[in-house]
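Each remark here refers to the structure printed beneath this line.
The values are calculated or read from the model by the stated rules, or taken from the named source; none is laboratory data. The structure displayed is predicted, hence computed values, not measured ones. Cβ: placed from backbone, ideal geometry, glycine included. Neighbour counts: every protein chain shown. Just so you know, the surface numbers come from the protein's heavy atoms only, side chains and all, with ligands and any DNA or RNA stripped out. Shrake-Rupley method; radii C 1.70, N 1.55, O 1.52, S 1.80 Å.
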Amino acid sequence: MRKLIIDCDPGHDDAIAILIAYAHPEEFEILGLTTVCGNQTIDKVGNNALKIVELLDCDIPVIQGEAKPLKRDPEPQPMAHGESGMDGPVMANPTSTYASLSAVNWMRETILKEDKVTLVCLAPLTNIARLLTEYPEVKDRIEEIVLMGGSVYGGNILPKAEFNIYHDPEAAKIVFNSGVPITTTPLEVCKAGAFPLKEIDDFEGKGKISQFVYELLKFYSGYALRHNMDRTPIFDMTTIIYLLHPEYFKGRKMDVDIELDGQYTRGMTVCEEIGEYSSIDNPVNVLLDVDNEFHNRVFKEAIVALDKKGNKK
Ligand code: BDR
Ligand code: CA
C-alpha cells in the first residue's frame, strides 16, 4: 500500500487522476490533496479540489498551497480548462473547508509522521520546491516523486516546453536537482495513452461519477477537436495509471535538467541519455510509452467501480 500526497491544480485531468487513485483503496491511501496555482488561480483550483472530494463523499483533506510561482507571475490556462479551471460539470459550491496549515507545512508534518510517502505531482512544482528547500529533513521519507511534467522531444505551451514545468521552471530545477528519486510521465507517454474521443459518449448517464467524467471530457476534448486530433491525452491520469501498473510502461533513465530562460525553451526539460561518459548519481526514470488499450481499460474500469461504490465510504 503506497501512501500518496497528490499535489494538483484541478484541472480536468487532475480531477480524473484523483478519481482513479481513489478507486484503488487496496493500492493507495490518499493522505491529502495539496493545491498549487497553475491551470487557474489558487482559489479556483482549491475550490475544484473541494468539489471533487465532496462528489466522492470522502474525507480526504484539501490543503491550499502557493498562489504564485517562485519568481514569476501566474499564467492560468482558460483555453484548456475554462474560467473555473474545471469547466463543464455544473456543481454546487462546496460547503467543506481547507485544512488550516499551508500545503508546505502540512506536507512536512504529514511526511515526518510516516515511514515513506510518495509525492504525486500533477501541477507546477512550486509547493514541492519550497518543501524540499525549507524542510530538507523530509527527503529521506519521500519514497519517490512521480510527476506529470516535461517532454523529451516537444512541448505543449512552447515548442520545447510542457506547461507544468514552464509555469515554474525555478521550482522544477530545484526538484530535479534535489536528489530525491524521480519518475516522470512526460508528454510523450501521456500521448501514447491518449483516449479516443469517440468513446467519451459511453460515459453519459451511466452513474454519478461517469456523468462527471463525461461532462469533464466534453469540455476538455475541445482542445483535441480544435487541433484535429481523434484522441485526447488525459495527462495527469497517466501518472496514476503508471503507479498502478508500472509493468505496462516503457521508459529510460535520463539526466534531466531545466532550462530557465529562452524564447522557445523556457521550462524545457533538457534530457540526456545516460551513456558511458555520464556520471549521474540520480538519473530520472523517464516514461516514454504505454500500452494504449490497457491504459484506457484501467481508466474505464475504475470509473465503473466508482459508480458501483456509490456513496459508501
Ligand atoms: C499539464 O498541464 C495542465 O494543463 C494539466 O493539468 C497537466 O498537469 C499538461 O501539460
Ligand atoms: Ca494538472
Discussion item. Which of the numbered conditions does Gly88 fail, given that it passes all the others? Conditions: (1) in contact with a helix residue (DSSP H, G or I) (Cβ under 9 Å, 6 or more places away or on another chain); (2) surrounded by fewer than 19 Cβ atoms within 10 Å (Cβ to Cβ); (3) in contact (Cβ under 8 Å) with a residue 60 or more places away in the chain.
Written reply: (2)
Worksheet item: Given the structure, is Gly38 in contact with a strand residue (DSSP E or B) (Cβ under 6 Å, 6 or more places away or on another chain), farther than 18 Å from Glu215 by Cα and open to solvent by less than 20 Å² (accessible area, probe 1.4 Å)?
Response: no
Worksheet item: When you look at Ala17, is it touching a residue at least 12 places away in the same chain (Cβ under 8 Å) and closer than 12 Å to Leu243 by Cβ, yes or no?
Response: yes
Worksheet item: Which one is farthest from ligand 1 (Cβ to nearest atom) among residues in region 1-28 that are among the acidic types (Asp, Glu) and touching a Ser or Thr at 6+ places or on another chain (Cβ under 7 Å)?
Response: Asp7
Worksheet entry | Number of the condition not met by Leu31 [criteria: (1) within 16 Å of ligand 1 (Cβ to nearest atom); (2) surrounded by fewer than 24 Cβ atoms within 10 Å (Cβ to Cβ)] | (1)
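How do the helices (runs of 4 or more DSSP H) wholly within region 153-265 filter down when requiring 2 or more residues that are open to solvent by 20 Å² or more (accessible area, probe 1.4 Å) and touching a strand residue (DSSP E or B) at 6+ places or on another chain (Cβ under 6 Å): which remain?
Per the criteria, 187-192, 235-244.
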Worksheet item: Which residues, taken from region 260-283, are within 26 Å of Leu158 (Cα to Cα), out of contact with any Pro (no Cβ under 7 Å at 6 or more places or on another chain) and modelled with pLDDT under 95?
Response: Asp261, Gly262, Gln263, Thr265, Val270, Cys271, Glu272, Glu273, Pro283
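This table checks each residue for (1) assigned to a helix (DSSP H, G or I); (2) farther than 19 Å from Gly38 by Cα; (3) open to solvent by 10 Å² or more (accessible area, probe 1.4 Å); (4) not hydrophobic (A, V, I, L, M, F, W, C).
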{"site": "Val104", "(1), (2), (3), (4)": "yes, no, no, no"}
{"site": "Thr110", "(1), (2), (3), (4)": "yes, yes, yes, yes"}
{"site": "Asp115", "(1), (2), (3), (4)": "no, yes, yes, yes"}
{"site": "Ala123", "(1), (2), (3), (4)": "no, no, no, no"}
{"site": "Thr133", "(1), (2), (3), (4)": "yes, yes, yes, yes"}
{"site": "Lys139", "(1), (2), (3), (4)": "yes, yes, yes, yes"}
{"site": "Glu143", "(1), (2), (3), (4)": "no, yes, yes, yes"}
Fill in: Yes/no for Asn47 being touching a residue at least 40 places away in the same chain (Cβ under 8 Å), under 30 Å from Ala224 (Cα atoms), open to solvent by 20 Å² or more (accessible area, probe 1.4 Å) and out of contact with any Ser or Thr (no Cβ under 6 Å at 6 or more places or on another chain)
yes
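Okay, residues lined up against (1) modelled with pLDDT under 95; (2) in contact with a Gly (Cβ under 8 Å, 6 or more places away or on another chain); (3) on the phi < 0 side of the Ramachandran plot:
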| site | (1), (2), (3) |
| --- | --- |
| Val138 | no, no, yes |
| Ile145 | no, no, yes |
| Asn156 | yes, no, yes |
| Glu162 | no, yes, yes |
| Glu170 | no, no, yes |
| Ile174 | no, no, yes |
| Pro181 | no, no, yes |
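For the structure I just gave you, tell me whether Thr41 is out of contact with any Pro (no Cβ under 7 Å at 6 or more places or on another chain), within 18 Å of Asn164 (Cα to Cα) and within 16 Å of ligand 1 (Cβ to nearest atom).
Here the answer is no, as Thr41 does not meet what is asked.
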Fill in: Long-range neighbours under 6 Å by Cβ, at least six apart or interchain, first residue over 17 Å from Asp14 (Cβ atoms) within region 155-176, second within 16 Å of ligand 2 (Cβ to nearest atom) and in a strand (DSSP E or B)
Gly155/Ala161
Response to the item:
Checked region 77-126 for anything of a type outside the set (Gly, Ala, Ser) and within 14 Å of ligand 1 (Cβ to nearest atom); matches are Gln77, Pro78, Met79, His81, Met86, Asp87, Val120, Cys121, Leu122, Pro124, Leu125, Thr126
